[in-house]
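**Student:** Handing you this structure, nothing more for now.
The values are calculated or read from the model by the stated rules, or taken from the named source; none is laboratory data. Model, not experiment: these values are computed from the prediction. Cβ: placed from backbone, ideal geometry, glycine included. Neighbour counts: every protein chain shown.
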Ligand SMILES: C[S@@+](CC[C@H](N)C(=O)[O-])C[C@H]1O[C@@H](n2cnc3c(N)ncnc32)[C@H](O)[C@@H]1O
């Protein structure tokens, strides 16, 4: 096992995280024991963050103790790996669908660092008690995904942003590159765009953006 980023490992050309709940596989992923520690395979075809790592992600702000606000939590596939990585930190997972949040709540029973929130990410005031976060992560595939991100950034003041951008959800009639460029424009006012990754072949429809709050700028 070679550590790529804090808490993220590579072995046999696959990605792994240390299993916080040994013996339990969350979404059918493989478990292996190595040097007395159990690891969970992190599937880049199921998780855009893992796909971004496979496509040469250069920045990985997650570490032990990180406070993360995750918009579009779904059933917690990616969140489960973040939970392995941040250990005694906190991940607030916002999800609109009741069916998904019930699955996430089951995961949170075993993993105390996951806090499920049933809410619309367009209305961050509903979960403003979360307070300031280190990282804002978003994967919601909505036409107004940039507005949603900026609204949440304004309230929760993250140092880092990670955004899975689905250009087709914004405008199917335009070229993905064109949508990408027009999406970056409003983000540039508040953030430096550190990296833009095309997730193909792991995900054919998304770009993955890494953003850093412009130092000293109040948002
Ligand atoms: C592509 S899935 C996310 C997958 C997840 N990020 C993962 O990697 O495990 C998108 C999710 O965003 C949720 N979603 C869409 N619009 C939302 C909104 N306005 N507020 C909160 N969640 C939303 C959907 O219900 C769906 O579960």
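**Student:** Please specify each residue of region 19-34 satisfying the condition of being touching a residue at least 24 places away in the same chain (Cβ under 8 Å) and in contact with a strand residue (DSSP E or B) (Cβ under 6 Å, 6 or more places away or on another chain).
**Tutor:** 19
**Student:** Given the conditions (1) on the phi > 0 side of the Ramachandran plot; (2) surrounded by fewer than 22 Cβ atoms within 10 Å (Cβ to Cβ); (3) within 11 Å of the ligand (Cβ to nearest atom), report the number of the one that residue 76 does not fulfil.
**Tutor:** (2)
**Student:** Hey, does region 164-173 have a residue that's touching a residue at least 60 places away in the same chain (Cβ under 8 Å) and either farther than 13 Å from residue 210 by Cα or in a helix (DSSP H, G or I) (or both)? Working first, answer last.
**Tutor:** Narrowing region 164-173 to residues touching a residue at least 60 places away in the same chain (Cβ under 8 Å): 164.
Still in the running and either farther than 13 Å from residue 210 by Cα or in a helix (DSSP H, G or I) (or both): none.
No, because not a single residue in region 164-173 is touching a residue at least 60 places away in the same chain (Cβ under 8 Å) and either farther than 13 Å from residue 210 by Cα or in a helix (DSSP H, G or I) (or both).
**Student:** While we're looking at this one, here's another question. Is at least one residue of region 43-50 more than 14 Å from the ligand (Cβ to nearest atom), more than 19 Å from residue 135 (Cβ to Cβ) and surrounded by 14 or more Cβ atoms within 10 Å (Cβ to Cβ)? Can you show your working first?
**Tutor:** Quick first cut of region 43-50, residues more than 14 Å from the ligand (Cβ to nearest atom) only: none.
Checked region 43-50: no residue is more than 14 Å from the ligand (Cβ to nearest atom), more than 19 Å from residue 135 (Cβ to Cβ) and surrounded by 14 or more Cβ atoms within 10 Å (Cβ to Cβ).
**Student:** Which of the residues that make up region 64-77 are closer than 17 Å to residue 7 by Cβ and out of contact with any helix residue (DSSP H, G or I) (no Cβ under 7 Å at 6 or more places or on another chain)?
**Tutor:** 67, 77
**Student:** Among the residues of region 103-121, write down those that are out of contact with any strand residue (DSSP E or B) (no Cβ under 6 Å at 6 or more places or on another chain), closer than 11 Å to residue 73 by Cα and either more than 12 Å from the ligand (Cβ to nearest atom) or in contact (Cβ under 8 Å) with a residue 40 or more places away in the chain (or both).
**Tutor:** Residues satisfying the conditions do not exist here.
**Student:** Among the residues of region 147-173, which ones are modelled with pLDDT under 95, within 14 Å of the ligand (Cβ to nearest atom) and out of contact with any strand residue (DSSP E or B) (no Cβ under 8 Å at 6 or more places or on another chain)?
**Tutor:** Correct list: 168, 169, 170.
Yes/no matrix, rows are residues, columns are (1) more than 23 Å from residue 157 (Cβ to Cβ); (2) buried (at least 21 other Cβ atoms within 10 Å of the Cβ):
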position: 2; (1), (2): yes, no
position: 15; (1), (2): yes, yes
position: 18; (1), (2): yes, no
position: 35; (1), (2): yes, no
position: 54; (1), (2): yes, no
position: 85; (1), (2): no, yes
position: 93; (1), (2): no, yes
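**Student:** So residue 129 clears everything in (1) near the ligand (Cβ under 10 Å from one of its atoms); (2) more than 13 Å from residue 187 (Cβ to Cβ) except one condition, right? Which one?
**Tutor:** Going through the list (1) near the ligand (Cβ under 10 Å from one of its atoms); (2) more than 13 Å from residue 187 (Cβ to Cβ), residue 129 breaks only (1).
**Student:** Right, another one. Between 108, 141, 153, 121, which is within 17 Å of the chain's Cα centre (by Cα) and at positive phi? Break it down into steps so the answer makes sense when it comes.
**Tutor:** Values: 108 fails: at positive phi; 153 fails: at positive phi; 121 fails: at positive phi.
Being within 17 Å of the chain's Cα centre (by Cα) and at positive phi holds for just one of 108, 141, 153, 121, which is 141.
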